[in-house]
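Everything below concerns the one structure shown next.
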Amino acid sequence: MSLATATPPVDATGQDAPYLLTPGPLTTSDTIKAAMLHDWGSWDDDFNRLTAEVRAQLLELAGALGDAYACVPLQGSGTFAVEAALATAIDRRGKALVLANGAYGQRAAKILDYLGRAHVVLDKGDYLPPRGEEVAAWLDADPEITDVFLVHCETSSGILNPLSEIAEAVKARGKGLIVDAMSSFGAVPLTVEAVPFDVMVSSANKCIEGVPGFGFVILRRELLEASAGRSHSLSLDLYEQWRYMERTGQWRFTPPTHVIAAFHTALAEHRAEGGVAGRLARYTRSRERLVAGMREFGFATLLEDRWLSPIITTFFSPGHPAFDFGRFYAELKARGFVIYPGKLTEAESFRIGCIGRLDVAVVERLLVAVGEALDAMGVDDARPAA
Ligand SMILES: *Cc1c(COP(=O)(O)O)cnc(C)c1O
């Protein structure tokens, strides 16, 4: 299947529309954009039906059939949903173990600072994965820990953290498991049968390929029912959001109506592509071609192959003296591709994402553009500095 080759990078407004090779906002399909050309009343039955279908379909996608789990969408970017989830899931007298190997783990720890929730951080630095055995050892050494927070795909480096072995260690000790699956849900298998999480957080503008505007939390209904009065925040109170939605079918405060309509279409396109398996296959083909092609120029990946996610890949900047990231970015953008700066504390790097409405044919064209950009700068060898 070829999604994008026939489409020049110009959008319906006639403006240049470079491919966004970034972890959201993403390049979206024309049909998803077109779904936003209608105005909806936030209290209207037609719109309430969209909300109900989106919530039910997300639960289905997580393999959460029956009544054990609930799906609560929340206005805002993904971080709003993470903050809401942490405030709802962790008791005020609880203590969290935050597994960090990048910006999003660090951000969760910072949220817990704001919330005044006790926590410890197992910090693996920029790119090393936390392992199940380490988590087990930390939990055994500190029985006060009640909950563990893990980022599934840490988008800062692109690493796919070993969720199954960590979930096993957490669940064997009866602790709560909170998963930030923001950049993986919809493309990397994650179901409640396989990973018995308590709380999972994701958002509209990642692997489901919607536009930004809301996040959603899938969590155990029992936990949600026990969380009344726990949140520090009126607008981020997931319990109240859920109660109101259950009672009225509406969002508590003004919903991002157009975003939800677009997301409803995005979910239909996700199903039409073969669901999680179909999306994983497309992203994986793109990632494999990307990494192979970049290595031919001499570029090196930050991660060993076994930790690479199909979502986003970090490459070291070339050691060649003529390489300049700002120039490289501009040369690629002029050729229709927007890449993403790196987020490593030590080495110079950049990132290229494979999520969004693009496929291996787009990656082939990107590789041509990378070759041209290197030529334009006079870089004949893209190997990193020793
Ligand atoms: C995108 C993302 C978030 C949320 O970031 P926002 O900028 O608030 O949307 C959280 N965690 C991970 C792993 C992400 O990739």
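The values are calculated or read from the model by the stated rules, or taken from the named source; none is laboratory data. The structure displayed is predicted, hence computed values, not measured ones. We place every Cβ from the backbone using ideal geometry, glycine too, and count neighbours over all the protein chains shown. All accessible areas refer to the heavy atoms of the entire protein, side chains included, with ligands and DNA or RNA removed. Shrake-Rupley method; radii C 1.70, N 1.55, O 1.52, S 1.80 Å.
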* **Highest-fluctuation residue, Ala181, Ala84, Ala322 considered, GNM on the chain with Cα pairs under 10 Å** => Ala322
* 10 Å-binned pair-distance histogram of the chain (Cα, whole percent) -> 5, 24, 31, 25, 13, 3, 0
* Structure fact -> Karplus-derived 3J(HN,Hα) from phi for segment 81-97 (6.51 cos²θ - 1.76 cosθ + 1.60, θ = phi - 60°), whole Hz, x at Gly and Pro, runs 5, 5, 4, 4, 5, 5, 5, 7, 7, 9, 4, 4, 9, x, 8, 9, 9
* Asked: On average, how much accessible surface per residue is there in the chain, in Å², for a 1.4 Å probe, leaving out ligands, DNA and RNA?
  -> 41 Å²
* Can you find, among Met245, Ala187, Val10, the residue farthest towards the positive end of the dipole of the chain? Put +1 on the C-beta of Lys and Arg, -1 on that of Asp and Glu. => Met245
* Solvent-accessible area, 1.4 Å probe, carbon plus sulfur percent, for the chain -> 53 percent
* Asked: Residue by residue, what Karplus-based ³J(HN,Hα) values in Hz, rounded to whole numbers, does segment 99-111 have, using 6.51, -1.76 and 1.60 with θ = phi - 60° and x for Gly and Pro?
  -> 8, 10, 9, x, 5, 6, x, 4, 5, 4, 5, 5, 4
* Structure fact -> The farthest towards the positive end of the charge dipole of segment 38-271, of the residues Ser231, Ala81, Leu128, given +1 on Cβ of Lys and Arg and -1 on Cβ of Asp and Glu, is Ser231
* Mind putting a number on the dipole of segment 38-271 about its Cα centre? Charges go on the C-beta only, +1 for Lys and Arg and -1 for Asp and Glu, and I need it in Debye to the nearest 20. => 360 debye
* **Lys/Arg +1, Asp/Glu -1 at C-beta; the chain dipole; positive extreme among Val148, Ala137, Val291** => Val148
* To do: Filter the trypsin sites (Lys or Arg not before Pro) in segment 57-98 to those in DSSP coil with at most 14 other Cβ atoms within 10 Å of their Cβ, and list the result.
  => Arg92, Arg93
* Structure fact -> Sorted largest first, the C-alpha extents of segment 141-256 along its principal axes in whole angstrom are 42, 34, 25
* Could you pull out every residue, at least 5 positions away or on a different chain, whose amide H is within less than 5 Å of the one on Gly176? Hs are placed 1.01 Å off N in the peptide plane, and Pro or chain starts have none. => Asp147, Val148
* Residue range of the chain that is longest and free of GluC sites (Glu not before Pro) which are both DSSP loop and sparsely packed (at most 13 other C-beta within 10 Å) -> 1-143
* Alpha-carbon radius of gyration plus Dmax, which is the widest Cα pair, for segment 1-84 in Å -> 16.8, 47
* Asked: What is segment 305-386 by shape, rounded, prolate or oblate, if you read a ≥ b ≥ c off the alpha carbon gyration tensor as root eigenvalues and call it rounded for a/c under 1.5, prolate for a/b larger than b/c, and oblate otherwise?
  -> oblate
